[in-house]
Amino acid sequence: HMEELDQWIRRRLRMCEWKLWKKVRTRIRNLIKLGMRPYFAKIYANTRKGYWHIANSHILSTTLTNEYFNQLGYKSLISQYSKMHVN
C-alpha cells in the first residue's frame with residue numbers, strides 16, 4: 001500500500017506543479033528548462049486535457065521526475081520507510 005500511496009502523491013505533486021504553470025508560455029518555458037525539446041514543449045503545453053490526466057502522462061513523468069521533487073525537498077515515502085525500518 002505504501003508504494004501505491006507514494007505514486008499517488010507524486011502524481012498529485014505533478015498535477016499541482018502543472019496547475020501553477022497557468023499560461024501556455026510558462027509551461028513551454030518550464031518544459032524547456034526541464035530538458036524537453038522546444039518543438040515538443042510547444043505541442044504538449046497547448047494540451048486541453050485536465051490537470052489530473054496530464055499528471056499521469058509521459059510528458060510530466062519524464063520532466064518532473066522523482067529526482068526533481070527530491071531536490072525540492074519532497075522525500076519519497078518508500079525511501080523514508082526503508083530508512084526507519086532497516087535492521
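The values are calculated or read from the model by the stated rules, or taken from the named source; none is laboratory data. Remember, predicted model here, so these are calculated numbers, not experimental data. Cβ: placed from backbone, ideal geometry, glycine included. Neighbour counts: every protein chain shown. Areas reflect the complete protein model, heavy atoms only, side chains present, ligands, DNA and RNA absent. Shrake-Rupley method; radii C 1.70, N 1.55, O 1.52, S 1.80 Å.
In Å², and per residue, what accessible area does the chain have when probed at 1.4 Å with the other protein chains present? Please list the in-between numbers first.
Numbers: 6580 Å² over 87 residues.
About 76 Å² of surface per residue is accessible.
Which one is right for this structure if Rg and Dmax of the Cα atoms in Å is calculated from it: [x] 22.6, 70; [y] 14.5, 49; [z] 18.1, 62?
Given [x] 22.6, 70; [y] 14.5, 49; [z] 18.1, 62, the structure-derived one carries the label [y].
With charges only on Cβ, +1 for K and R and -1 for D and E, what is the dipole size of the chain about its Cα centre, in debye, rounded to 20? Walk me through the numbers on the way to the answer.
Numbers: 17 positive and 5 negative charges, 145 e Å.
With Lys and Arg at +1 and Asp and Glu at -1, about 700 debye.
Give a residue-ordered list of calculated ³J(HN,Hα) values for the range 8-16 (Karplus: 6.51 cos²θ - 1.76 cosθ + 1.60, θ = phi - 60°; whole Hz; x for Gly, Pro).
In residue order, the calculated couplings are 5, 5, 4, 5, 5, 5, 4, 5, 5 Hz.
Please work out the FRET efficiency for the pair Ser82 and Ser57, using the Cβ-Cβ distance as r and a Förster radius of 30 Å; give the result to the nearest 0.05.
Numbers: r = 28 Å, r/R0 = 0.94.
Computed FRET efficiency for Ser82 and Ser57 comes out at 0.60.
In degrees from 0 to 90, rounded to the nearest 10, what is the angle of the helix 24-33 Cα long axis to the longest principal axis of the chain?
Here the helix axis deviates by roughly 60 degrees.
For Thr65 and Tyr39, compute 0.36 nm times the residue count separating them, minus their Cα-Cα distance, and round to one decimal in nm.
Numbers: separation 26, 0.36 × 26 = 9.36 nm, distance 2.04 nm.
Difference between extended and current length: 7.3 nm.
Ignoring any ligand, DNA or RNA, what whole percent of the accessible area of the chain comes from carbon and sulfur when the probe is 1.4 angstrom? Show your work: numbers first, answer last.
Values: 3550 of 6580 Å².
Taking all protein chains in place, the chain shows 54 percent carbon and sulfur surface.
Using 0.36 nm per residue of separation minus the Cα-Cα distance, give me the extension gain between Lys49 and Gln7 in nm, one decimal.
Full-extension gain reported as 13.1 nm.
Among the trypsin sites (Lys or Arg not before Pro) in the range 1-81, which ones are in a DSSP loop with at most 14 other Cβ atoms within 10 Å of the Cβ? Mind listing them? Don't skip to the answer; put the middle values down first.
Details: sites: Arg10, Arg11, Arg12, Arg14, Lys19, Lys22, Lys23, Arg25, Arg27, Arg29, Lys33, Lys42, Arg48, Lys49, Lys75; in loops: Lys22, Lys23, Arg48, Lys49, Lys75.
Answer in residue order: Lys22, Lys23, Arg48, Lys49, Lys75.
Could you give each residue of the range 41-50 its phi-based ³J(HN,Hα) in whole Hz, using Karplus coefficients 6.51, -1.76, 1.60 with θ = phi - 60°, and x for Gly or Pro?
4, 5, 5, 6, 5, 8, 5, 9, 5, x
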